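The structure under discussion appears below in the form of structure tokens.
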Amino acid sequence: MTSQQDKLLPTLDFLLFEWLGLADLLDRPRYADHDRESIDQLLRATADIAATYYQPANRVVDDQEPRVEDGRVVLPRETADAWRATAEFGFLLATQDVEHGGMQLPHAAGFATQVVLAAASISINAGLLTEANAALLLAHGTPAQQEVFATRELSGEWAGTMCLSESQAGSSLSDITTSAVPDGDDFEDDPLGPRYRVTGQKMWISGGDHELTENIIHLVLAKTAGPDGTIDPSTRGISLFVVPKMLVDPDGTLRERNDVSLVSLNHKLGYRGIPNAALAFGDGSWEPGGARGAIGYLVGRPGDGLRQMFHMMNAARIAVGLGAAALGYAGFEASLAYARDRRQGRHLTRTGKDATTPMVPLVEHADVKRMLLAQKAYAEGGIALGLFAARLLDEQATRAAGDAADAADTGALLEILTPVVKSWPSEWCLEANSLAIQVLGGAGYTRDFPVEQYWRDNRLNMIHAGTHGIQALDLLGRKVIQDDGAGLRALGRRLTTTVDRARGAGLTDEAAQVEAAWARAVDTAAAAWATGDPEEALANATPYLQAFGHVVLAWIWLDVAVAAAASEHPEAAGAGAAMRYFLTYELPKVEPWLAVVARREPLCRELDPDVL
């Protein structure tokens, strides 16, 4: 392990066991094969793999970004080594059921391993979409699709992608033009599912083409005609298809090349270790079965594609948020180490500075401590938020039959938190990376230190898996009002419990701050929708997301601080300091954001674009 993992593992241990109560979860039958010692061993093994394969390769994969030679995508050897180590250890199977060859780990522990790997090099943490792809098929695919495609993805033998966006349709999925038509009269009788021919182009496909594995399984959204032969122009006309790069027999044996071809690679600001591609489906570059058109197998029912894909997207959004937090943490650790070692300046006293005294480490300056404490609050808060969401997934997986009310409460809580889990770390852990550069000063702006790369890598996450604005519209436009505000009520109950416990722990003022901020956020949502006009309500959705996210993180930090107050864990004191920072410096930012939402500020909505 390196110093990065030496610092990160105690943080994860504190959050998992002292705060989230993972030990209680491990008493449940589903997770009975695991205990605190085995989880600790898992995280240490993950840290060893991260230190051996990921961290040393981080700069290599940034410098040697994917390129195309003779139609092949070329990657550094280090990427293949990391993929092999990841697959052989079984990370892709970590949270899957034993019946699928998995470890049946709690999601909270599984996501914790992803934090360790992402902090070492998010650029080659390429298993993310493969695991999510397989999980979707295990939830919605046929037994044959699960056995042939998902099982081989989880073993690392094959890789997986998700193909949603197109050049003319990023987040506006109703505008996709990729289409699918039945392949022959016997299309419904294929052992791998109803067989279609898929035609169209997809853009921004992470892991879209490479030779890390012998096959790549694409999950592709495409429009299909209804029973009357017409295509619904809305998202109800979208279906989901398994489109393998190499066609396979029902026993998984590789056959001929499918009509899927690489159009180009996208050259990115950061996150360069994973190829990001534009792909053509059915352009005639290959003719499987003697005809053009990529062969795809329908997943589930026609028209159900977007709902199915969001099964994958929601898990991916938690992973994106945790990846952003991991990068924030990596920058924090690097800048903290630099600040402890670098000597610069002297303390200012009432009589001025004494130039004859030794310079002091950067970490002794109040403003540097402010920047470091901000990074800690952002990064560790983001990790805590993501692990809390993962813990909710575990609640869903172990909910006893008959607990319908609790299940609905957990589901509503997860729904309302998902846009925050994805977006808040993506914004504020990017700010953490910016502060890390600032702590290093001029050195931080050079490639001699890793913090500039962390910033570049993290900048993707405000766009990845749904932009900031899309998450804001989802939160204020759907999640706070759906089921008559069930998500707000579920979150409010959790927050009230924390506030009561905080008062019992002597955190009276802090409890009052969080309680007041929550009440303001709830009232503001009602004010935004007071006229019932969606255009008025949602014009300031992003400020609402920012404010709501900050209130959620204030609650998270208060809850963590309550656990820290009763703990002798080495990380407890730092958690208390991070909570005090967040409530002192960050929570006051909420009011200006909420003010424009509450009054339905019309500036941006009514602005004439010609004045820009």
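The values are calculated or read from the model by the stated rules, or taken from the named source; none is laboratory data. Since the model is a prediction, treat every value here as computed from it, not as a measurement. No Cβ is skipped: glycine too gets one built from the backbone with ideal geometry, and neighbour counts run over all protein chains shown. Note: accessible area is taken over every heavy atom of the protein model, side chains too, but ligands, DNA and RNA are not part of it. Shrake-Rupley method; radii C 1.70, N 1.55, O 1.52, S 1.80 Å.
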Within the under-13-Å Cβ sphere about residue 307, not counting residue 307, Lys/Arg +1 and Asp/Glu -1 give a net charge of +1
The FRET efficiency for residue 408 and residue 354, from their Cβ-Cβ distance with R0 = 41 Å and rounded to 0.05, is 0.05
Rounded to whole Å², per residue accessible area for the chain with a 1.4 Å probe reads 40 Å²
So, relative contact order of the chain in percent, Cα under 8 Å, 6 or more apart, is 12 percent
Expressed in nanometres to one decimal, the distance between label points 7 Å along Cα→Cβ at residue 45 and residue 59 is 3.1 nm
In the chain the accessible area split gives carbon plus sulfur, as whole percent at 1.4 Å, a share of 52 percent
The simple spin-label model distance between residue 343 and residue 446, using points 7 Å out along Cα→Cβ, in nm, is 2.0 nm
By the mean-Cβ-within-10 Å protection proxy, highest first, 580-591, 202-213 rank as 202-213, 580-591
SASA check, residue 455, accessible area w/ 1.4 Å probe, all protein chains in place, rounded to nearest 10 Å², comes out at 80 Å²
Residue span residue 478 to residue 370: 0.36 nm per residue of separation minus Cα-Cα distance leaves a gain in nm of 35.2 nm
For residue 160, the residues 5 or more places away or on another chain with a placed amide H closer than 5 Å to its own amide H are 130, 217
To the nearest 20 debye, region 432-543 has a Cα-centred charge dipole, built from +1 on Lys and Arg Cβ and -1 on Asp and Glu Cβ, of 340 debye
Net charge near residue 253 (other residues with Cβ under 12 Å of its Cβ; Lys, Arg +1; Asp, Glu -1) is -2
Between the Cα axis of helix 486-504 and the main Cα principal axis of the chain, the angle (0 to 90°, nearest 10) is 30 degrees
Calculated from DSSP helices alone, with each H run of at least 4 adding -39500 (n - 2.57) and the total divided by the residues of the chain, [θ]222 nm to the nearest 500 comes to -16000 deg cm²/dmol
Note on region 147-203: C-alpha Rg/Rh, Kirkwood Rh, two decimals, gives 1.07
Summed over the other residues with a beta carbon less than 13 angstrom from that of residue 4, with K and R at +1 and D and E at -1, the charge totals -2
Mean Cβ-within-10 Å packing, highest first, puts peptides 357-363, 345-351 in the order 357-363, 345-351
For the chain (alpha-carbon point model, no solvent) the Debye-based log₁₀ I(q)/I(0) at q = 0.06, 0.11, 0.12 Å⁻¹ works out to -0.32, -1.10, -1.30
Taking Cα pairs closer than 8 Å and at least 6 residues apart, the relative contact order of region 463-612 in percent is 30 percent
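Using only the Cα atoms of region 340-450, build the gyration tensor, take square roots of its eigenvalues as a ≥ b ≥ c, and label the shape rounded, prolate or oblate: rounded if a/c is under 1.5, else prolate if a/b is larger than b/c, else oblate.
Verdict is prolate for region 340-450.
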Residue-ordered couplings for region 31-41, obtained by feeding phi - 60° into the Karplus form 6.51 cos²θ - 1.76 cosθ + 1.60 and rounding to whole Hz (Gly and Pro as x), are 10, 5, 7, 10, 9, 4, 5, 5, 5, 4, 5
Sorting 316, 521, 170 by the position of each Cα along the dipole of the chain (Lys, Arg +1; Asp, Glu -1; all at Cβ), the one nearest the positive end of that ordering is 521
Distance in nm between residue 580 and residue 246 label points, each 7 Å along Cα→Cβ, equals 6.0 nm
Expected sort for 570-576, 220-226, 322-328 on mean C-beta neighbours within 10 Å, highest first, is 322-328, 220-226, 570-576
With Cα coordinates, the longest principal axis of the chain makes an angle with the long axis of helix 404-440, in degrees rounded to 10, of 70 degrees
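What full-extension length gain, to one decimal in nm, is calculated for residue 287 and residue 72 as 0.36 nm per residue of separation minus the Cα-Cα distance? Could the numbers behind the result be given before it?
Numbers: separation 215, 0.36 × 215 = 77.40 nm, distance 1.89 nm.
My answer for the length gained is 75.5 nm.
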Region 74-101 scanned against label point 7 Å out from residue 214 along Cα→C-beta; backbone N under 19 Å for 80-81, 83-89
Treating only Lys and Arg (+1) and Asp and Glu (-1) as charged, each at its beta carbon, one finds that the chain has a dipole about its Cα centre, in Debye to the nearest 20, of 1860 debye
Across the chain, qualifying lysine pairs (alpha carbons under 27 Å, at least 8 places apart or different chains) come out at 18
Once residue 568 and residue 33 are pulled to full extension, the length gained, defined as 0.36 nm per residue separation minus their Cα-Cα distance, is 189.9 nm
